[in-house]
Amino acid sequence: MKPFLGNGHSLYLDNWYVSPHLFAYLHQEKTNACGTVKNNRKGMPDLECVLDRGETQYKCSNKLLALKWKDKREVFILTTMHYSEVNGTGKIDKDTGEEKRNLIAFWTTMNT
């Protein structure tokens, strides 16, 4: 992994590997990282607010952003390369008639 650190690479990880400690280290090594995270992971900030569908809550420190979003269930994301910005997708939710929102722009392309 050492040869790839500090070269402007970005890592996308699943919740098995993600932790605030790892992301702080990667950021220090000038490598971006993003991924879903388990809320009970050691070092995670308190994001215990009850959310309705479509709502978000976030906390950030230094370059680390911890974000909680609720759709059908709660999703926790840790990132060093995104901001706490929610964008429209241009798609309409068939149940509510409202525009669907993309929590983080990469999310729709992560699994392609």
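The values are calculated or read from the model by the stated rules, or taken from the named source; none is laboratory data. Given the structure is predicted, the values throughout are model-derived calculations rather than measurements. Backbone-built Cβ (ideal geometry, glycine too); neighbour counts: all protein chains shown.
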Considering only residues of the range 1-29 that are surrounded by 11 or more Cβ atoms within 10 Å (Cβ to Cβ) and of a type in the set (S, T, N, Q), which is nearest to residue 42 (Cα to Cα)?
19
Can you say whether residue 38 is surrounded by fewer than 17 Cβ atoms within 10 Å (Cβ to Cβ), of a type in the set (Lys, Arg), at pLDDT 85 or above and touching a Phe, Trp or Tyr at 6+ places or on another chain (Cβ under 9 Å), as far as the supplied structure shows?
yes
Applying the selection to the range 41-55, what residues are surrounded by 11 or more Cβ atoms within 10 Å (Cβ to Cβ) and farther than 12 Å from residue 68 by Cα?
41, 43
Counting only residues that are at pLDDT below 80, give me the strands (runs of 3 or more DSSP E) lying completely in the range 41-93 with at least 3 of them.
87-92
Restricted to the range 11-63 and to residues being among the aromatic types (Phe, Trp, Tyr) and touching a residue at least 24 places away in the same chain (Cβ under 8 Å), the residue nearest to residue 93 (Cα to Cα) is 58
Qualifying positions in the range 21-40 - under 16 Å from the mean Cα position of the chain (by Cα) and not in a loop (DSSP other than H, G, I, E, B):
21, 22, 23, 24, 26, 27, 32, 33, 34, 35, 36
If you check residue 18 against the conditions, is it over 15 Å from the mean Cα position of the chain (by Cα) and either part of a strand (DSSP E or B) or among the β-branched types (Val, Ile, Thr) (or both)?
no
